[in-house]
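A.B. asks: Just passing along the structure, written as structure tokens.
The values are calculated or read from the model by the stated rules, or taken from the named source; none is laboratory data. Since the structure is predicted, the reported quantities are computational estimates derived from the model, not experimental observations. Virtual Cβ from ideal backbone geometry, glycine too; neighbours counted across all protein chains shown.
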Amino acid sequence: MRIGLFGLPGAGKGTQAERISKHWAIPHVSTGEMFRELQTGTSELAQEIRAILASGQLVSDEMVTKLAFDRLKRADCQRGFVLDGYPRTLPQAEALQQSPFALDGLICIEVDRSEIIDRLSGRRVCERCNAVFGSESLVNREATCPHDGSVLVQRADDAPEAVKTRLGVFEKNFSPVVRFYEAMGRLFPVDGNGSVDAVSERLCSLIGSKWA
Ligand code: AP5
Ligand code: MG
């Protein structure tokens, strides 16, 4: 089962990939998470990645493809994986489909734009374990992480300017990627509106019927 999750920033890719990973016992591979780990520290590379992420722009196709393939080569991905946030440009999609890690399906999680803005402005992340919380699960915005008591912070790229840039970058790359997977019969749109549980059910039934 080799599936990818595609969709606007805040569509719920990470939230749903976690659930898919647990349910089907396959690794959750997130290029965004990899870059957030790489950006810590003082090396030149860390500083460069930190600046790109905070601005809302994309890292180069070459760098992200190398990073993704190095991860997908590892033994735990041989039984399958759920790829979150890669591919997101046409060159990435072409590189992936020509590789041994070609996706069986790219699932496009579709969410209304007004909902996206609410989700991104409400998101908080544990600074230690990276657990993600939505505004509906946080009564108090200053709350601490229920897993380890650490501080919850806002992602640098959830600031309004960076969100605007991320949405623009996504729009620009959306059609070429969608058309590429559509032409192969490997694009699967899923309604991402509604509760986390409702979206999970839709995804579970699609994945169960196609690839399980
Ligand atoms: P990445 O981390 O992948 O960011 P993104 O694509 O912008 O997506 P997000 O993580 O913001 O949203 P999500 O869809 O995962 O939503 P989530 O589940 O958190 O990438 C970050 C950066 O890394 C990029 O900008 C780029 O610089 C670089 N990068 C990564 N991959 C790259 C690539 N392939 N090429 C080049 N550069 C790359 O949900 C959002 C919020 O909503 C949460 O608070 C959640 O709790 C809540 N929520 C989720 N579902 C629901 C629901 N159904 N109802 C209510 N709330 C919900
Ligand atoms: Mg994410």
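Table: residues versus (1) within 22 Å of residue 50 (Cβ to Cβ); (2) in contact with a strand residue (DSSP E or B) (Cβ under 8 Å, 6 or more places away or on another chain).
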residue: 131; (1), (2): yes, yes
residue: 143; (1), (2): no, yes
residue: 147; (1), (2): no, yes
residue: 164; (1), (2): yes, no
residue: 196; (1), (2): no, no
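A.B. asks: A further question on this structure: What's the number of the condition residue 107 fails, among (1) touching a helix residue (DSSP H, G or I) at 6+ places or on another chain (Cβ under 6 Å); (2) among the β-branched types (Val, Ile, Thr); (3) more than 7 Å from ligand 1 (Cβ to nearest atom); (4) not in a helix (DSSP H, G or I)?
C.D. replies: So the condition that residue 107 fails would be (1).
A.B. asks: Give the number of residues within the range 41-55 that are near ligand 1 (Cβ under 6 Å from one of its atoms) and touching a residue at least 40 places away in the same chain (Cβ under 8 Å).
C.D. replies: So the answer is 1.
A.B. asks: Let me ask something additional. Quick check on my filter: what residues within the range 110-157 are basic (Lys, Arg), closer than 30 Å to residue 76 by Cβ and more than 13 Å from ligand 1 (Cβ to nearest atom)?
C.D. replies: 128, the sole residue that qualifies.
A.B. asks: Run down 53, 67 and say which single residue is more than 29 Å from residue 212 (Cβ to Cβ) and surrounded by 16 or more Cβ atoms within 10 Å (Cβ to Cβ).
C.D. replies: 53
A.B. asks: If residue 157 satisfies all but one of (1) in contact with a Gly (Cβ under 8 Å, 6 or more places away or on another chain); (2) acidic (Asp, Glu); (3) surrounded by fewer than 14 Cβ atoms within 10 Å (Cβ to Cβ); (4) touching a residue at least 40 places away in the same chain (Cβ under 8 Å), what's the number of the condition it fails?
C.D. replies: In the conditions (1) in contact with a Gly (Cβ under 8 Å, 6 or more places away or on another chain); (2) acidic (Asp, Glu); (3) surrounded by fewer than 14 Cβ atoms within 10 Å (Cβ to Cβ); (4) touching a residue at least 40 places away in the same chain (Cβ under 8 Å), residue 157 misses (3) alone.
A.B. asks: Show the residue pairs meeting these rules: Cβ distance below 6 Å; 6+ apart or different chains; first residue within the range 1-20 and farther than 21 Å from residue 182 by Cβ; second residue at pLDDT 95 or above and of a type in the set (Lys, Arg).
C.D. replies: 9/166
A.B. asks: Continuing with this model, one more query. Any idea which residue in the range 53-101 is farthest from residue 162 (Cα to Cα), counting only those that are within 16 Å of ligand 2 (Cβ to nearest atom) and of a type in the set (Phe, Trp, Tyr)?
C.D. replies: Across the range 53-101, the extreme among qualifying residues is 81.
A.B. asks: Then there is this: Counting only residues that are more than 13 Å from ligand 1 (Cβ to nearest atom), over 25 Å from residue 175 (Cα atoms) and not basic (Lys, Arg), how many does the range 1-40 have?
C.D. replies: Counting residues in the range 1-40 that are more than 13 Å from ligand 1 (Cβ to nearest atom), over 25 Å from residue 175 (Cα atoms) and not basic (Lys, Arg) gives 6.
A.B. asks: Filter the range 164-188 down to residues that are in contact with a helix residue (DSSP H, G or I) (Cβ under 9 Å, 6 or more places away or on another chain) and either outside any helix (DSSP H, G or I) or modelled with pLDDT under 95 (or both), then give me how many there are.
C.D. replies: Selection size over the range 164-188: 4.
A.B. asks: Within the range 20-48, how many residues are of a type in the set (Val, Ile, Thr) and either away from ligand 2 (no atom under 16 Å from the Cβ) or over 24 Å from residue 8 (Cβ atoms) (or both)?
C.D. replies: 3
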